[in-house]
Structure formats: C-alpha cells, structure tokens
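Worksheet: the structure to be examined is printed underneath.
Read the figures in this text as sums done on the coordinates, not as results from a lab. Remember, predicted model here, so these are calculated numbers, not experimental data. Reconstructed Cβ throughout: ideal geometry from the backbone, glycine too, with neighbour counts over all protein chains shown.
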C-alpha cells in the first residue's frame with residue numbers, strides 16, 4: 001500500500017501485525033511511525049511499550065514482539081535495516097529466515113512489528129519475498145507535484161508564509177524532493193523573508209537554497225554548452241573540494257548527456273516535452289531545461305557524445321585512462337564544440 005493508504009487504515013483502526021516500511025521518503029516514513037505510536041500507545045506509557053532494535057537476531061525480534069504490552073492493548077517493535085533484508089549475506093541468514101518464516105505464520109495480535117528500512121530491501125533476498133507475502137508493505141515514495149504543493153502550504157502556514165508554484169518547482173529541482181531537506185530549506189526561506197513579505201519567490205529560492213549535486217551538474221553542462229570551459233572547470237573544482245569524486249561527476253555528466261540525447265531524439269520525432277518527461281522520469285523543471293539545452297544541438301552529435309562518455313567510463317574502469325583525464329577530455333569536447341556545427 002501507499003503511505004496515504006496506511007494513514008487511512010491507521011485512522012480506521014485497521015492495523016496489520018507486521019509491516020515493512022520501505023521507500024526513499026524518509027520524512028513521511030518517520031512521521032508514519034510516530035503516528036502509529038500516537039495511535040496505539042497511551043500518553044505516559046510509551047517507554048514501556050515501544051522497542052527499537054538494530055543488529056539483532058530473529059529470536060530477539062520475536063521475543064520482543066511476544067512480550068505482553070503494559071496497560072494497553074498493543075506494543076510496537078521497530079526493527080531497523082535488518083541484515084537478512086540487505087544486499088550482503090548476513091550471519092546464519094538461512095536459519096534466521098527459517099525462524100522468522102515459522103513465526104510469521106501466526107504473529108501475536110498484541111504487537112505491531114515494523115521492519116523499518118532506511119536502505120532499500122534487496123528484492124532477491126528470501127526474507128524480502130517472505131515479508132511481501134506475510135506482512136503489509138508500505139511504500140514511501142517521493143511526493144508528487146500536487147502532494148508537494150499541499151505539503152509545502154501546510155508546512156509554511158504556521159510561519160505565515162506561502163510559496164508560488166514557480167518558486168516551489170525551482171526549489172524542488174535545486175534541493176531535491178526529499179521532505180527532510182525541503183523542510184529545512186523552507187525554514188531558511190521563511191527566515192530570509194522576515195516580516196517584510198509573505199510569499200517566497202523564485203528569486204528568493206535561487207538566492208538562498210544550497211543546490212543539490214544534480215542541479216550543479218546541470219549548471220555545469222549549461223556552462224559547457226555555452227562554451228565557457230573556464231567556468232565549468234571552476235564548478236568541477238568546487239564540487240571536488242566539497243567531497244564529490246571524479247568518477248561520480250563523470251557518471252552524472254554521462255547521465256545528463258544521455259537524457260539530452262533521448263530528449264532531442266524524441267522531440268525531433270514530434271513527441272511533447274511532457275511525454276518525454278514521464279518516460280525519463282524527470283522533474284518538470286529539469287525536463288523543460290533539458291529541452292531548452294538540446295534545442296540547438298543535433299541528435300547525432302548528442303548520441304555520439306553519449307557513446308564517448310560510455311567509452312571514457314570503460315577506459316577508466318579498465319585502467320587505460322585516469323579518471324581526471326577522462327573528465328577533462330569530456331569537458332573540452334563539449335565546451336570546445338560550441339559554434340562548430342553540432
């Protein structure tokens with residue numbers, strides 16, 4: 001089920017004995033767990049009926065789940081990032097899964113057991129498949145544009161502020177769509193406005209918000225396509241000094257070039273930007289900017305550039321080329337192509 005469906009079931013008192021919380025939206029995931037606690041645990045009795053476990057065995061999980069609640073109907077046991085659900089092989093994994101499989105056939109109704117994943121569970125693992133059959137899986141996906149608009153309005157209302165749709169679109173592109181980050185950025189923007197204004201504008205966002213890596217790489221490509229190699233090199237040096245890796249930047253540039261090639265090919269075939277956006281799963285702002293970037297470029301040039309990116313990546317990984325040399329070569333290839341009949 002989706003996270004909003006979970007809230008409806010929680011409000012109606014329809015609770016499963018075992019849950020798997022998964023997905024990238026950590027802010028809503030944490031709030032959902034807190035909402036479950038508020039629903040089930042009477043005030044003052046939380047500490048007696050709430051257990052959070054990490055690095056535990058299957059028997060420790062089931063022992064905690066079978067402990068009777070104190071002065072209330074249910075207790076909550078949260079298991080964070082349990083090893084048999086993660087990629088690496090864990091200690092005695094087959095035995096752990098066998099123990100849990102038997103227990104899941106008849107879990108007690110006096111406990112809500114939540115497998116809380118901050119990492120994605122490995123879909124190849126037997127334990128993941130078992131929980132998909134035996135537990136209620138709640139997916140915490142990133143919010144849609146309309147959901148983000150409603151959430152932002154609610155987040156800003158107590159602060160006496162609001163944000164325009166254009167400003168929100170720019171904000172989510174610059175900072176990403178994870179609510180933990182957006183919440184902090186909205187606080188910064190509200191403080192920046194002070195008592196002078198009530199509406200956050202696009203200019204406020206670009207002045208205050210710390211850009212994400214994706215946004216920085218997009219702007220880097222903007223500089224290169226404008227032929228400003230010097231500015232692009234300054235951006236790269238700043239990103240490397242900030243902790244990014246050369247291979248990471250090379251991978252991000254390759255991804256951006258691939259999106260440009262797909263966008264240009266689709267637009268040349270008569271497809272609308274929105275259809276390409278949905279196909280490539282792009283942010284609406286990013287889709288518009290990508291369409292603008294590729295307007296003066298040929299599909300053949302972009303396809304050749306993407307193939308060159310892939311070849312550079314292979315050359316680095318096979319030891320035939322240093323990573324920084326590969327990145328510099330790609331930068332000059334894009335930047336120096338300005339005005340050369342692409």
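Highest mean first, what order results for 110-120, 5-15 on Cβ atoms within 10 Å? It would help to have the intermediate numbers written out before the result.
On the way: 110-120: 19.4, 5-15: 13.3.
Most protected by this proxy first, the peptides run 110-120, 5-15.
State, as an integer percentage, the relative contact order of region 250-342 based on alpha-carbon contacts under 8 Å between residues 6 or more apart. Could the numbers behind the result be given before it?
Details: 59 pairs, mean separation 30.4, N = 93.
Result for region 250-342 is 33 percent.
From the C-alpha coordinates alone, can you work out the Kirkwood hydrodynamic radius of the chain, in Å? List each step's numbers first, then the result.
Values: mean 1/r = 0.0426 Å⁻¹.
Result for the chain stands at 23.5 Å.
Per Stokes-Einstein, at 20 °C and 1.002 mPa s, what whole-number D in µm² s⁻¹ belongs to region 199-277, with the Kirkwood radius over Cα pairs as the hydrodynamic radius? Let's see the in-between values first.
On the way: Rh = 14.4 Å.
It comes out at roughly 149 µm²/s.
Enter the angle in degrees (range 0 to 90, nearest 10) between the Cα long axis of helix 179-193 and the first principal axis of the Cα atoms of the chain, meaning the one along which they spread out most.
Around 60 degrees separate the two axes.
Work out the FRET efficiency for residue 192 and residue 269 from their Cβ-Cβ distance, taking R0 = 51 Å, and round it to the nearest 0.05. If you can, show how the numbers build up before the last one.
Numbers: r = 44 Å, r/R0 = 0.85.
For R0 = 51 Å, the calculated efficiency reads 0.70.
Highest GNM mean-square fluctuation, the chain, Cα pairs closer than 10 Å: which of 185, 196, 34?
196
Please report 3, 82 as a ranked list, fewest other C-beta atoms within 10 angstrom at the top and most at the bottom.
3, 82
Would you mind checking the radius of gyration and Dmax of region 145-208 based on alpha-carbon positions, in Å?
10.3, 28
Using Cα-Cα distances under 8 Å and only pairs 6 or more residues apart, what relative contact order does the chain have, in percent?
Numbers: 423 pairs, mean separation 54.5, N = 342.
About 16 percent, as a whole number.
With runs of 4+ DSSP H residues as the only contributors, calculate the mean residue ellipticity of the chain at 222 nm using -39,500 (n - 2.57) per run, divided by the residue total and rounded to the nearest 500. All intermediate terms of the calculation are to be shown ahead of the outcome.
On the way: 17 runs with 202 residues, N = 342.
Result for the chain, helices only: -18500 deg cm²/dmol.
Take the alpha-carbon positions of region 187-339, form their convex hull, and give its projected area averaged over all directions (one quarter of the hull surface) in nm².
Details: hull surface 43.5 nm².
Over every viewing direction, the Cα hull of region 187-339 projects on average to 10.9 nm².
Each label point is 7 Å from the Cα along the Cα-to-Cβ direction; what then is the distance between the points at residue 48 and residue 68, in nm?
For residue 48 paired with residue 68, the spin-label model returns 1.2 nm.
Compute and list, largest first, the equivalent-ellipsoid semi-axes of region 3-139 from the alpha carbon gyration tensor, each √(5λ) rounded to a whole angstrom. It would help to have the intermediate numbers written out before the result.
On the way: eigenvalues 106, 61, 34 Å².
Whole-Å semi-axes of the equivalent ellipsoid: 23, 18, 13.
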